[in-house]
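Participant: After the structure tokens below, expect a handful of questions from me.
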Amino acid sequence: MSHHTFEIENLTKLEARAKLTVEFDGDEIDDVNLEVLESSRYFEAFLTNRKYHEAASISQKICGICSVAHTIGSLKAVENAFNIQPSEQTIDLRKLLLIAGHLHSHVVHLYFMALPDYLGFESILEMSSKRHDDVHRALRLEKISTEIIRLIGGRPIHPVSAVIGGFTEVPSKVKLETILKKFKEMKEDAKKTAEMFMKFKTPNFENDSVQCALVKDKEYPLYDGKIVTLDGFEFEPKDYLEYISEHVKYYSTAMHSRFKGKNMLVGALARLNINYKYLSDDTKDLLISSGIRLPCLSPFKNNLAQSIELVHFVDKGIEITKKLLKSGFKKERIKIKPKKGEGVMAAEAPRGVLYHHYRIDKKGLIKYTNIITPTSQNLESIEKDIKEFLPRLLHLKREKMVLELEKLIRAYDPCISCPTHFLEVKFV
Amino acid sequence: MKKLKIAFFGHTSCKGCFFEFLILEKKILDLLRVSDIVHFEMIKEHNKEGPFDITFMDGAISSPKELEKLKEIREQTKFLIALGSCACYGGIPSMANLYKHPEKLVYPEPIDHKSIKVTPIDQHVKVDYYLRGCPINKEELFNVVKDLAKGKIPREKDYCVCVECRMRGNRCLFEDGIVCLGPVTYAGCNAPCPTVKAPCDGCRGPLPDGNIGEEIKLLKEHGVSKGDIKRMFRKYALTDKKFKRVKI
């Protein structure tokens, strides 16, 4: 057999559009290209010459599903540039927002994109008559998690109340009580989700990607921390450019990132592997009953890791809300004086470590932006995995093969809108 | 009754408006009683081609391929809805139009790249309804489908955000010295931002009879610099004639 190409024109059930091309030389796989079809949106370009306070409201529009993480990330980086240290209550409220954001994102991915594959349905819509309980649970979790974002942030998607230094308005006691009730309502559904995903069989397949997650004291990572690999190598967010490099792929509008030249993996599975000790007690029990052995190197288990995180984040949400109910809110006056500075931050977005980096001039105008999204850190591993996993599928009929490949890609939960903020390269 | 065939398509955007749809909870199931979602690549493996009764068209147009696809879908659609401010005005992605070569700002070496002006979809095809906002309001989306299912043509709200803001009993942010674009922005969102004391930043776009001159006067009175006023108007709807012509 000579040179031939295998293509999946439109990969579905992903957050945005992508195409897969595999090139064969005889029976050997020559090259795998995951082509991101989303157009470039140049966020780093048009944040230039915008005011410091606009960075969050503009950069949150990088992504509709992890906009909370981009919002908080952007605020933190600008605050670092100005040497502003937000109060404990502000950080707690931001953590609550991030938690609700993680829950929302995980639910969308687990139920709307991954679950139909495992159960043999075309989509969750098709499941509505046959798997009534699952569909209702999905819709409930989806609604409640975004309702919590709305109660704190003012809107369910693209929240607005979190600003530099604090919040335009903090939630009332009544609202906090509602939030607590909502977290508690989610607990059973979150547990059921994890128990369901534990039962799904996944292929016996591992990779050697460098797994990275934030580590912060004895907390499961979320808001801040240093970046730590599974092997224990660590670095501070401000030094990220020394370790993380971005690369252009001629066929894709998305950038690929590498850790010291190697392909990497960030997200729920990496967080779990590196920080499992700091999960809530109930989550630890679940982890034990799941039988998953850590560290786990199978990208397919990312779904299971996400479902386990659901339970942890619900518990953590309850804990923080209770703390805020007990302490109450102090009135804060936010007065920001812009000054020349540079700020970098790293936070855990639902799909992994997110970096925002700004340089701001003395008038408060942004002069340089760099944003590295979790998906751009995972893309290189996805391609490598496809190359290694595909030979096992070659005996299958095309339809089945496509599905199995899509399962692998979807397990990473790639958020394709995110990494396309950079550039578009055409090739003919 | 024959079920309506609904399609969702996305171009250049963050896809946040799709998630507004997904958080409708039980109302999604209500919608499925009167309609079939036949095309929605983000959540469906099997996606049908047209004809479609209703198409939700998300995102701005920023490449020749997207333009071609848009025209193709318009041909197959009875009622085309521009979903969100990217589709309605170009939205945040259209900020790229302020730069001659945005790629040069983000890429250190010259590359073989052709910039395409980011445009709203109605510059290319006829739009039957505008679901404005960044993101859209899920209730508005639900009501539009409900109206169409009953054979009614949905109507947009033609007044400004202030009307809904006052109806929610909010104190005007200007009174506290916070500047806001509510007076010149399309209502329909139920003023979620000013309700948490965050100013309206005009995400639903300029109201045709909004008094922009008066708004600018008000902003200046509150000490907002010319540069900042310009930036406020050049965010979601900078391709719109109304905001383009802003004289500061």
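Participant: Report yes if some residue within the stretch B:52-59 is buried (at least 22 other Cβ atoms within 10 Å of the Cβ), within 8 Å of chain A (Cβ to nearest Cβ) and either in contact with a His (Cβ under 7 Å, 6 or more places away or on another chain) or in a helix (DSSP H, G or I) (or both); otherwise report no.
Facilitator: No, the stretch B:52-59 contains no residue that is buried (at least 22 other Cβ atoms within 10 Å of the Cβ), within 8 Å of chain A (Cβ to nearest Cβ) and either in contact with a His (Cβ under 7 Å, 6 or more places away or on another chain) or in a helix (DSSP H, G or I) (or both).
Participant: Separate question: Aromatic (Phe, Trp, Tyr) and crowded, with 20+ Cβ neighbours inside 10 Å: is that true of A:Phe167 in this structure?
Facilitator: yes
Participant: Show the residue pairs meeting these rules: Cβ distance below 6 Å; 6+ apart or different chains; first residue within the stretch B:201-216 and under 15 Å from B:Tyr130 (Cα atoms); second residue of a type in the set (Lys, Arg) and not in a loop (DSSP other than H, G, I, E, B).
Facilitator: B:Pro206/B:Lys242
Participant: State yes or no: is B:Glu140 in contact (Cβ under 8 Å) with a residue 40 or more places away in the chain, among the charged types (D, E, K, R), within 19 Å of B:Thr185 (Cα to Cα) and not in a loop (DSSP other than H, G, I, E, B)?
Facilitator: Judged against the criteria, B:Glu140 is a match.
Participant: Considering only residues that are under 19 Å from the mean Cα position of the chain (by Cα), within 18 Å of A:Glu219 (Cβ to Cβ) and of a type in the set (A, V, I, L, M, F, W, C), which ones fall in the stretch A:259-297?
Facilitator: Selection gives A:Val266, A:Ala268, A:Ala270, A:Leu272, A:Ile274, A:Leu279.
Participant: Sticking with this structure for a sec: Can you go through A:Glu195, A:Glu185, A:Glu126 and tell me which one is surrounded by fewer than 22 Cβ atoms within 10 Å (Cβ to Cβ), among the acidic types (Asp, Glu) and more than 24 Å from A:Lys13 (Cβ to Cβ)? Reasoning before the result, please.
Facilitator: Values: A:Glu195 fails: more than 24 Å from A:Lys13 (Cβ to Cβ); A:Glu126 fails: more than 24 Å from A:Lys13 (Cβ to Cβ).
None of the others qualify; the one that does is A:Glu185.
Participant: Keeping to the stretch A:84-129, report how many residues are within 14 Å of chain B (Cβ to nearest Cβ), within 19 Å of A:Ser172 (Cα to Cα) and in contact with a strand residue (DSSP E or B) (Cβ under 7 Å, 6 or more places away or on another chain).
Facilitator: The qualifying residues number 2.
Participant: Follow-up question, since we're still on this one. Provide a single number: the residues in the stretch B:169-200 that are within 21 Å of the chain's Cα centre (by Cα) and touching a residue at least 12 places away in the same chain (Cβ under 8 Å).
Facilitator: 16
Participant: Here is a follow-up. Can you tell me which residue is farthest from B:Gly177 (Cα to Cα) among those in the stretch A:304-338 that are touching a His at 6+ places or on another chain (Cβ under 9 Å) and either hydroxyl-bearing (Ser, Thr, Tyr) or at pLDDT below 95 (or both)?
Facilitator: Looking at the filtered set, the residue picked out is A:Ser307.
Participant: For the stretch A:134-172, enumerate the residues that are at the interface with chain B (Cβ under 7 Å from one of its Cβ atoms), of a type in the set (Ser, Thr, Tyr) and touching a residue at least 24 places away in the same chain (Cβ under 8 Å).
Facilitator: A:Thr146 - this is the single residue of the stretch A:134-172 that is at the interface with chain B (Cβ under 7 Å from one of its Cβ atoms), of a type in the set (Ser, Thr, Tyr) and touching a residue at least 24 places away in the same chain (Cβ under 8 Å).
Participant: Is there a residue being more than 14 Å from chain B (Cβ to nearest Cβ), part of a strand (DSSP E or B) and in contact with a Ser or Thr (Cβ under 6 Å, 6 or more places away or on another chain) anywhere in the stretch A:236-247?
Facilitator: yes
Participant: Being of a type in the set (Ser, Thr, Tyr) and at pLDDT below 75 is the filter here; which residues of the stretch A:1-51 pass it?
Facilitator: A:Ser2, A:Thr12, A:Ser39, A:Ser40, listed by residue number.
Participant: Go through (1) buried (at least 22 other Cβ atoms within 10 Å of the Cβ); (2) in contact with a Phe, Trp or Tyr (Cβ under 9 Å, 6 or more places away or on another chain) and name the single condition A:Gly101 misses.
Facilitator: Every listed condition holds for A:Gly101 apart from (2).
Participant: Another question, if that's okay. Can you give me the number of residues within the stretch A:218-231 that are part of a loop (DSSP other than H, G, I, E, B) and in contact with a helix residue (DSSP H, G or I) (Cβ under 9 Å, 6 or more places away or on another chain)? Don't jump to the end; show me each part of the working.
Facilitator: We begin by selecting, within the stretch A:218-231, every residue part of a loop (DSSP other than H, G, I, E, B); these are A:218, A:220-225, A:230-231.
Filter once more, so that each one left must be in contact with a helix residue (DSSP H, G or I) (Cβ under 9 Å, 6 or more places away or on another chain): A:218, A:220-225, A:230.
Total satisfying the criteria: 8.
Participant: Scanning for something more than 7 Å from chain A (Cβ to nearest Cβ), of a type in the set (Lys, Arg), farther than 20 Å from A:Ala138 by Cα and surrounded by fewer than 17 Cβ atoms within 10 Å (Cβ to Cβ), does the stretch B:26-40 turn up at least one residue?
Facilitator: Within the stretch B:26-40 (the criterion being more than 7 Å from chain A (Cβ to nearest Cβ), of a type in the set (Lys, Arg), farther than 20 Å from A:Ala138 by Cα and surrounded by fewer than 17 Cβ atoms within 10 Å (Cβ to Cβ)), the answer is no, since none of the residues qualifies.
Participant: Looking at (1) touching a residue at least 60 places away in the same chain (Cβ under 8 Å); (2) within 30 Å of A:Leu390 (Cα to Cα); (3) not in a helix (DSSP H, G or I), which one does A:His109 not meet, given that it meets all the others?
Facilitator: A:His109 satisfies every listed condition except (3).
Participant: Residues of the stretch A:58-80 being closer than 20 Å to A:Pro237 by Cβ and surrounded by fewer than 24 Cβ atoms within 10 Å (Cβ to Cβ), which ones?
Facilitator: A:Glu79, A:Asn80 - these are the residues of the stretch A:58-80 that are closer than 20 Å to A:Pro237 by Cβ and surrounded by fewer than 24 Cβ atoms within 10 Å (Cβ to Cβ).
The values are calculated or read from the model by the stated rules, or taken from the named source; none is laboratory data. The structure displayed is predicted, hence computed values, not measured ones. Positions of Cβ are backbone-derived with ideal geometry, glycine not excepted, and every protein chain shown enters the neighbour counts.
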